[in-house]
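Enquirer: Here it is, the structure in full.
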Amino acid sequence: MQENIIINDDWMNNNIPDKSVQLIIADPPYFQVKGDFDFIWDSFDDYLKDVERWAVECKRILADNGTLFWWGNSKKIAYSQIILDRYFCLENSIVWEKIDSIQMSLWSVDLNRSFTTHNERLLMFANDYDKTGNEIIFEQFLKPQNPFSIYLKDEFKRSKVTIREVAKLFPSKTGGLTGCVSNWLNGDNVITEEQYLKIRDYLFGDYLKKEYEELKKEYEELKKEYEDKRRCFDNFLRLTEMFKFSQEGRVSVQYNHDTIKPEKLTAAIVNTCSRKNDLVLIPFVGSGTEIVICDRYDRKYIGYEIVEKYYKIAEKRLKEEQMQMRLDL
């Protein structure tokens, strides 16, 4: 499988391995809203059949700790959500408020006989059926691979120390034994650095050290391993479900596409829900906004665009981005 590439083909013809993609940003046709690509289905039922096909394929290739974003029109996305809910756990129903289109759209209120619309919808899903949280992912994926659990078990065995012996270091308020050590070994909870130090001191510093000279460095390494196994989410921009972003018309007008998404909004998604070198799939490349952002922020990417005209636009845009980045070095 080749990475960092845009392919002129239907994305369903991919050769992407199962559970190999950390982030999918899907901006499919909305069905009879805007653009020629929106009017290729004979009926809405036919469109929803394709949504189901797309959802099944997303489920196949999305990693257990991956995230799926799905764009849609405010009047129709509910139908797609019903389908996607069969395969994923809805985390957020996001509204993109186009902060620079409000005044223009207000003029059409009386003509439309309805409240003005200046937003689009974006669904965020975790790869989980459970509507109450991430218990399934935790039990089947994160818990068995918890690096703290694995390492502590090995070190306890090597030092011939018992769980009961270590548990005495962390008594309850009444002085009795607690189940905290068992929880750490089972992978149910994560030990703190202070607790980690206490056990190491009890073992005279001969264990819980491994190849590192400083405990803090080792603990942070284990912590990073643990965090890397979780679904990536770093809300450094402190965003809510109401995204307020400009349409960036001055940028978008350069690319001949009807439904371009702004770079700042896309960058917020990519940087919040993926890490450097993560693999991102863009099933519907369009003008290439998501591809450019992935390239800019050191994400691996695979993009598909079935319409040759838009494929060429995205390819040209990516090459211009890469050239500018080389000039900036």
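Enquirer: Might you check whether a residue that is out of contact with any strand residue (DSSP E or B) (no Cβ under 6 Å at 6 or more places or on another chain), more than 21 Å from His118 (Cα to Cα), surrounded by 21 or more Cβ atoms within 10 Å (Cβ to Cβ) and among the hydroxyl-bearing types (Ser, Thr, Tyr) occurs anywhere in region 262-277?
Expert: no
Enquirer: From Ser80, Ser74, grab the single residue that is within 18 Å of Phe125 (Cα to Cα), surrounded by fewer than 19 Cβ atoms within 10 Å (Cβ to Cβ) and touching a residue at least 12 places away in the same chain (Cβ under 8 Å). Walk me through it before giving the result.
Expert: Working: Ser80 fails: surrounded by fewer than 19 Cβ atoms within 10 Å (Cβ to Cβ).
Unique residue meeting the criteria: Ser74.
Enquirer: In region 1-38, what count of residues is obtained for those that are among the polar types (S, T, N, Q) and over 19 Å from the mean Cα position of the chain (by Cα)?
Expert: Within region 1-38, the first condition is being among the polar types (S, T, N, Q), and the residues that meet it are 2, 4, 8, 13-15, 20, 22, 32.
Of the ones still in play, those that are also over 19 Å from the mean Cα position of the chain (by Cα) are 2, 8, 13-15, 32.
Qualifying residue count for the region: 6.
Enquirer: Moving on. Please determine whether any residue of region 13-33 is surrounded by fewer than 16 Cβ atoms within 10 Å (Cβ to Cβ), touching a strand residue (DSSP E or B) at 6+ places or on another chain (Cβ under 8 Å) and small (Gly, Ala, Ser).
Expert: Yes, region 13-33 contains at least one residue that is surrounded by fewer than 16 Cβ atoms within 10 Å (Cβ to Cβ), touching a strand residue (DSSP E or B) at 6+ places or on another chain (Cβ under 8 Å) and small (Gly, Ala, Ser).
Enquirer: Test Phe243 against the stated conditions and say whether it is on the phi < 0 side of the Ramachandran plot, among the aromatic types (Phe, Trp, Tyr), within 22 Å of the chain's Cα centre (by Cα) and surrounded by fewer than 15 Cβ atoms within 10 Å (Cβ to Cβ).
Expert: Values: on the phi < 0 side of the Ramachandran plot: yes; among the aromatic types (Phe, Trp, Tyr): yes; within 22 Å of the chain's Cα centre (by Cα): yes; surrounded by fewer than 15 Cβ atoms within 10 Å (Cβ to Cβ): no.
In short, no.
Enquirer: Counting just the residues of region 189-229 that are at pLDDT 75 or above and of a type in the set (Ser, Thr, Tyr), which one comes out surrounded by the most Cβ atoms within 10 Å (Cβ to Cβ)?
Expert: Tyr196
Condition check ((1) β-branched (Val, Ile, Thr); (2) assigned to a loop (DSSP other than H, G, I, E, B); (3) under 22 Å from Ser114 (Cβ atoms); (4) in contact with a Ser or Thr (Cβ under 7 Å, 6 or more places away or on another chain)) across all residues:
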| position | (1), (2), (3), (4) |
| --- | --- |
| Asp50 | no, no, no, no |
| Trp54 | no, no, no, no |
| Asn65 | no, no, no, no |
| Phe69 | no, no, no, no |
| Ala78 | no, no, yes, no |
| Ile82 | yes, no, no, no |
| Asn92 | no, no, no, no |
| Trp96 | no, no, yes, no |
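The values are calculated or read from the model by the stated rules, or taken from the named source; none is laboratory data. A quick note: this is a predicted structure, and the numbers were derived from the prediction, not measured. Cβ coordinates were reconstructed from backbone atoms using ideal geometry, including for glycine residues, and neighbour counts include every protein chain displayed.
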